[in-house]
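The values are calculated or read from the model by the stated rules, or taken from the named source; none is laboratory data. Predicted, not measured: the structure shown is a model, and the values here were computed from it. Cβ: placed from backbone, ideal geometry, glycine included. Neighbour counts: every protein chain shown.
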Amino acid sequence: MTQTLKPRKRNRSQRQIAPYLFILPFLLSFLAFFLIPVVYSVVISLMKYKGYGTMRYVGFDNYRRLLTYGAMWNSLLNTLQYFVFAMIPVMIVSFLLAVMVRSRVMSRYQKIYKPLIFLPQVCAVVASALVFKVIFGTNVGAINQVLGTSINFLGDTKLMKLPVITMLIWRNTGWYFIIFLSGLTTISEDLTEAAKIDGANSVQTLFRITIPVMKPIFKLTFITYAIGAFKLYTEPNLILSKDEAPLAVAPFVNMITTNINGGNLGMACAAGWILVVLIMFLTIMQMGMFKEEQ
């Protein structure tokens, strides 16, 4: 009797252990490449550390210095401006394009419109930034050549954000167009047909059926766009400078890279965690805005 029970117990224990063996590579990589670095960055943010030598504990002095540093608040304001002035056109244009492509008139040519609209998202960021730098150039820029002007888009601090915002709109519209288009496919045609039978026109159907049903998709897009916008780095630095953008138009991530290049890893980690807190706060705020409407 005991001889027959032992193999069964072994097989049962093996079946219980097997799933953990399959996820073990992920757990080890998550521990090595995410959890340990995250904890280590928190520790470094409380230290004065150059990346080599000994660490000196300074507590929250790195955070205090950043929060009282005018350049940090200026870079945060720049990031907010990039976020707001690019997000509004991106969301409106991408949603309207998705609605147009889903319409009966335009649905015949979806195979042509979809790739063309999504094409900017496929282009490399560095190549796109260099192209926009040429387009907005002062002396040989395409815009100034066409208009016959010499507007200093890349040198005037009042205009330097315009090329960056334009590129962000151009690149992100295709991505969110695909998201909105996917969301529109979840709307039952019975709802739209019922609305037409009741006498609703296209505009009334859009505002009373399509947009209310799409609110979870709007929530997703706003949150994902906010996370990406606060991590903005490549576009402004490549368009507005060879190395780093001027302080008047620099994004918040420049606070991290500048401190790393200056040999102050403690300040860089502290700036990174301030960015994490800001993204978390903005995400929670946006989730709260959509909570009641759901």
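Contact map, the stretch 248-276: residues that are closer than 15 Å to Met47 by Cβ paired with residues that are among the small types (Gly, Ala, Ser) and buried (at least 18 other Cβ atoms within 10 Å of the Cβ), Cβ distance under 7 Å, separation 6+ or inter-chain. Pairs shown: Asn259/Ala268; Asn259/Ala271; Ile260/Ala268; Gly266/Ser45; Cys269/Ser45; Ala270/Ser45; Trp273/Ser45. Counting only helices (runs of 4 or more DSSP H) that fall entirely inside the stretch 168-248 and contain at least 2 residues that are closer than 30 Å to Ala124 by Cβ and touching a helix residue (DSSP H, G or I) at 6+ places or on another chain (Cβ under 7 Å), the qualifying elements are 215-230, 234-240. Arg208 falls short on exactly one of the conditions (1) crowded, with 20+ Cβ neighbours inside 10 Å; (2) without any contact (Cβ under 8 Å) to a residue 60 or more places away in the chain, and that condition is (1).
Scanning the stretch 249-270 for residues that are part of a loop (DSSP other than H, G, I, E, B) and of a type outside the set (A, V, I, L, M, F, W, C) turns up Pro251, Gly262, Gly263, Asn264. Selection of the stretch 115-167 for residues being under 20 Å from Tyr82 (Cβ atoms), crowded, with 16+ Cβ neighbours inside 10 Å and small (Gly, Ala, Ser) yields Ser128, Ala129. Looking only at residues of the stretch 274-294 that are buried (at least 18 other Cβ atoms within 10 Å of the Cβ) and at pLDDT 90 or above, we find that the one that is nearest to Arg56 (Cα to Cα) is Ile274.
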